[in-house]
Amino acid sequence: MTAEKSQKLFERAVKCIPGGVNSPVRAYGAIGVAPRFMERADGSRIYDADGNSYIDFIDSWGPCILGHNDARIREAVTRACSQGLSFGCATEIEVEMAEFICEHIPSIEMVRMVNSGTEAVMSALRAARGFTGKNKVIKFAGCYHGHSDAMLVSAGSGVMASGVPDSAGVTPGCVQDTMTAVYNDLDSVKQLLEENPGQVAAVIVEPVGANMGVVLPKDGFLEGLRSLCDRHQALLIFDEVITGFRLGFTGAQGYYQVAPDLTTYGKIIGAGMPVGAYGGRRDIMEQVAPVGPVYQAGTLSGNPIAMAAGLAQLRILYSQPEIYERLQEIGDWFFGEMKSFLEENQIPCQLNHIQSLGCLFFTDNLVEDYASAKKSDTAQYAAYFKHMLKSGVHLAPAQFEAMFLSAAHTQEDLTSVLEAVKSFFKENS
């Protein structure tokens, strides 16, 4: 499997793009090779500049739940493009998208379109602060909520009394009101709320931790957050950039039957196009300009091309619940087969999964939070990644990312991937 063109493209890219990539998650730095540059994708497969074909488990980091380049979505985009690419004005399809979300997601009474998951979180937090009149926010170690300053807080494994910037260029003042708790540990949240009485505007959480690998909430954890927020008059925000419209149509909040006050979405509502949204209770959302005093704006928000793509996908997913039934079926089978192989051969790895999301951790410890996820052997993952890439399987080039199944993955695809997994461990036993 040659990578000559990708190597040459990377050599060009590093001269004019920091690190040669426009997002760090695309870099293969942890793997020690040049990233693959992709040219096209279709169904379950993605193709690089050298003509190599891979079974793809990134799915554009989640939104291609129907598979790549779905003809129905492509047709909707083509029709929209024929009318113009961007207007900077209100359009009917924005209204249709908002109506569709508000009609089908019980916790959302009003919604505002933005351009990314990062922007959605930033705006939801501002709305929470504006609504409550409080300044502090609680997040969880290992949960990623985009790269806005207030969310770039060191993902330490213990409760932190105040935020510590996790990036150069972020001042201590930007994160002084961001506190970090331990995922799956209600006592850590309770402690912060009690130590800061009447000061916490919101608790924000990935209901399923999907940016430290895949970490499922323990029984009662999400329900406990709901109760604590109610008791302390703080808002509960679900970051469903990964889980929204993936764990069933109503996302994690429907799956776990816990209603947040605000929800954030990302590219899933654009079928992979650059888009995001935040929404929730009407009384909170009516604080947003031009109705209320919380300012948020964006020329490209509700872009008609992104709306056309996203609405086409959401309508398909809503009208065909059998898609989710199949994702559940293939997810249980695929991850179940992998887990059985690991257990039968006493391989010291952990496999966490829920429906079409999964992660193989190179550690023999249970992975329940960020601290336990960090015990993974990243060098071994790098070797695993290289083996899988050579076997025609496209995974995230980092241990702490999820695998995404799509409706386009076939039994043949998944069987082939399982054989590649087995061959790696047999060769490295």
(message) Kindly evaluate ARG36 against the criterion of being at negative phi, part of a helix (DSSP H, G or I) and not aliphatic (A, V, I, L, M).
(response) no
(message) It is to be established whether one or more residues within segment 324-343 are touching a Gly at 6+ places or on another chain (Cβ under 7 Å) and of a type in the set (D, E, K, R).
(response) no
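Please go through segment 263-288 and pick out each residue that is in a strand (DSSP E or B) and either open to solvent by 30 Å² or more (accessible area, probe 1.4 Å) or among the aromatic types (Phe, Trp, Tyr) (or both).
Taking segment 263-288 as the starting set, the residues that turn out to be in a strand (DSSP E or B) are 263-265, 276-280, 288.
Within segment 263-288, TYR265, TYR278 qualify.
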(request) Taking PRO260 as the residue in question, decide whether it is within 27 Å of GLY213 (Cβ to Cβ), at pLDDT 95 or above, open to solvent by 60 Å² or more (accessible area, probe 1.4 Å) and in contact with an Asp or Glu (Cβ under 9 Å, 6 or more places away or on another chain). (result) no
(message) Residue pairs, Cβ under 7 Å, 6 or more apart or interchain, first in segment 310-331 and open to solvent by 20 Å² or more (accessible area, probe 1.4 Å), second of a type in the set (S, T, N, Q). List them.
(response) GLN328/GLN355
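So if I check each of ALA277, ALA306, ALA234, which one is touching a Lys or Arg at 6+ places or on another chain (Cβ under 7 Å) and either closer than 23 Å to TYR370 by Cβ or touching a residue at least 24 places away in the same chain (Cβ under 8 Å) (or both)? Walk me through it before giving the result.
Numbers: ALA306 fails: touching a Lys or Arg at 6+ places or on another chain (Cβ under 7 Å); ALA234 fails: touching a Lys or Arg at 6+ places or on another chain (Cβ under 7 Å).
The unique qualifying residue is ALA277.
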(request) For PRO260, indicate whether it is more than 29 Å from GLU322 (Cβ to Cβ) and of a type outside the set (S, T, N, Q). (result) no
(request) Please give the number of the condition VAL153 fails out of (1) modelled with pLDDT under 80; (2) more than 19 Å from the chain's Cα centre (by Cα); (3) open to solvent by less than 10 Å² (accessible area, probe 1.4 Å). (result) (2)
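Are any of the residues in segment 335-346 at pLDDT below 95, surrounded by fewer than 17 Cβ atoms within 10 Å (Cβ to Cβ) and over 30 Å from THR180 (Cβ atoms)?
The answer is no, given that none of the residues of segment 335-346 is at pLDDT below 95, surrounded by fewer than 17 Cβ atoms within 10 Å (Cβ to Cβ) and over 30 Å from THR180 (Cβ atoms).
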(request) Within segment 364-385, identify whether any single residue is part of a strand (DSSP E or B) and surrounded by 20 or more Cβ atoms within 10 Å (Cβ to Cβ), and answer yes or no. (result) no
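The values are calculated or read from the model by the stated rules, or taken from the named source; none is laboratory data. Keep in mind it's a predicted model, so treat the numbers as computed, not measured. When we count neighbours, we look across all protein chains shown, and the Cβ atoms used for this are built from the backbone with ideal geometry, even at glycine. Note: accessible area is taken over every heavy atom of the protein model, side chains too, but ligands, DNA and RNA are not part of it. Shrake-Rupley method; radii C 1.70, N 1.55, O 1.52, S 1.80 Å.
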